[in-house]
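Taken together, the values in this text are just the output of simple stated rules run on the coordinates, not laboratory data. Source: prediction; values computed, not measured. All Cβ positions, glycine included, derive from the backbone under ideal geometry; neighbour counts span all protein chains shown.
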């Protein structure tokens, strides 16, 4: 099994489906280093599907509040994605007030 399908980030899922933005966001937000490495390997390929994965990661990091958006944006930038040099991540909602 892969690190992605075994990630603790998917505690509420029976399997991992890379086509699901919701599951991808869960991995980006709560995944382990091994899952992130596997995701980077999948995104680093030359195929159109790999490029689509890179664009989805960039979109999620700029629209969904995840833990380390700039880490993933930098990784996608290193793979050739065009990025804003000073990206703003989404604001976290402070529901404790």
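Do the sum for the chain: with -39,500 (n - 2.57) for every DSSP H run of n ≥ 4, divided by all residues, what is the mean residue ellipticity at 222 nm, to the nearest 500 deg cm²/dmol? Present the calculation step by step, with values, prior to reporting the outcome.
Working: 4 runs with 47 residues, N = 97.
Computed ellipticity for the chain at 222 nm equals -15000 deg cm²/dmol.
Once the C-beta distance of residue 19 and residue 74 is scaled by a Förster radius of 35 Å, the resulting FRET efficiency is 0.90 to the nearest 0.05.
Over the chain, what is the relative contact order in whole percent, taking alpha-carbon pairs under 8 Å and six or more residues apart?
Values: 92 pairs, mean separation 22.0, N = 97.
23 percent.
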